[in-house]
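The values are calculated or read from the model by the stated rules, or taken from the named source; none is laboratory data. What you see is a predicted model, and the numbers here were worked out from it, not measured in a lab. Note: ideal-geometry Cβ built from the backbone for every residue, glycine included; neighbour counts use all protein chains shown. Accessible surface areas use protein heavy atoms only, side chains included; no ligands, DNA or RNA. Shrake-Rupley method; radii C 1.70, N 1.55, O 1.52, S 1.80 Å.
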Amino acid sequence: MIWLHRILTFLVGFGAVYGVLFLVATTYGWEKIWQSTHGAADLGPVEFPGLSTRGTHNQVLICPDGICDDESRHRKSPVYGTDADTLKIAFIKSLESESGLTRVDDGKDPMRMRFVQRSRLLRFPDTIQVQFYKLGNNTHSTLALHGKSQIGGHDLGVNKTRADRWLNRLENLEQ
């Protein structure tokens, strides 16, 4: 009988906590809750030269050889058989089907873009930055991509999955 009492106590307590969270979230919204507890969703720009993700599990880093910390990157950036401007246009077009994605940079650097993408249910924000690079006589190009979750020390592979999905959409441009 004691075990039944403990289980019921746990369920009632869990239900009460869940009910309060649900009430707060529906009243204020997850985005406002995360902003008040963790700050702005946009984590700001990153500089790719020397960038590392060592010791963290809530980031992804994809970059060409010698730009970022090659040892901590998720994978090496592909080389595309097109100029950087065409790559950027194709990249932007490939994002049309993404939900919860907002561009947040000021657009001053034409070869850099920064986005915030929120998860569907709890609206967790991730900041994703992309930089496009010209190669050779601008007949080829590549890119660097960094994604980081704002909340939590582990993102369960969400940033890596997103980065792979985004790059897979550009496979037809690869050399």
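Leaving ligands and nucleic acids out of the surface, order E47, E98 by accessible area at 1.4 Å, largest first.
Ranked list, largest accessible area first: E47, E98.
Quick one: pull the percentage of alpha-carbon pairs in segment 54-123 with a separation above 17 Å.
61
With n ≥ 4 as the cut-off for DSSP H runs, can you work out [θ] at 222 nm for the chain, using -39500 (n - 2.57) per run divided by the number of residues, rounded to the nearest 500?
The helix-only estimate for the chain comes to -11000 deg cm²/dmol at 222 nm.
Using a 1.4 angstrom probe on heavy atoms only, work out the carbon and sulfur share of the accessible area of the chain in %.
Of all accessible area on the chain, carbon and sulfur atoms account for 59 percent.
Modelled label-to-label distance, V12 and T139, 7 Å Cα→beta-carbon offset: nm?
Using points 7 Å along Cα→Cβ, the separation is 7.7 nm.
Please arrange L145, L122, L51 by accessible surface area, largest first, computed with a 1.4 Å probe and ligands excluded.
L122, L51, L145
With +1 on each Lys and Arg Cβ and -1 on each Asp and Glu Cβ, how big is the dipole of the chain about its Cα centre, in debye rounded to the nearest 20?
520
Taking all protein chains together and a probe of 1.4 Å, list V12, V46 from the most accessible to the least accessible.
V12, V46
With every atom except the alpha carbons ignored, what do you get for Rg and Dmax of segment 1-102, in angstroms?
Both quantities, over Cα of segment 1-102: 22.4, 72 Å.
Taking a probe of 1.4 Å, how large is the accessible area per residue of segment 1-102, in Å²?
65
Report the accessible area of T26, computed with a 1.4 Å probe over the heavy atoms of all protein chains in place, in Å² rounded to the nearest 10.
Taking all protein chains as shown, T26 has close to 90 Å².
Quick one: accessible surface of C68, probe radius 1.4 Å, all protein chains present, in square angstrom to the nearest 10.
Spelled out: C68, probe radius 1.4 Å, area about 10 Å².
At a Cα cut-off below 29 Å, give the lysines reachable from K134, other chains included and same-chain residues fewer than 8 away excluded.
Straight-line reach from K134, under 29 Å: K76, K88, K93, K108, K148, K160.
Grab the beta carbon distance between V79 and E47, set R0 = 30 Å, and tell me the FRET efficiency rounded to 0.05.
Taking R0 as 30 Å, the efficiency between V79 and E47 is 0.85.
What accessible surface, in Å², does a 1.4 Å probe find on T82, ignoring ligands, DNA and RNA and rounding to the nearest 10?
20
Between S119 and N172, what is the label-point separation in nm under the 7 Å Cα-to-beta-carbon projection?
3.3
Going by amide H atoms built from the backbone, whose H comes under 5 Å of the H on S77, apart from near neighbours?
C63, D65
How far apart, in nanometres, would the label points at H57 and T27 be if each is projected 7 angstrom from Cα along the Cα-to-Cβ direction?
Output for this residue pair reads 3.4 nm.
Could you tell me which helices of the chain pass both thresholds, a Cα extent of 27 Å or more along their own axis and a mean Kyte-Doolittle hydropathy of at least 1.0, with helices taken as whole DSSP H runs?
Those that clear 27 Å and a mean of 1.0 are 2-28.
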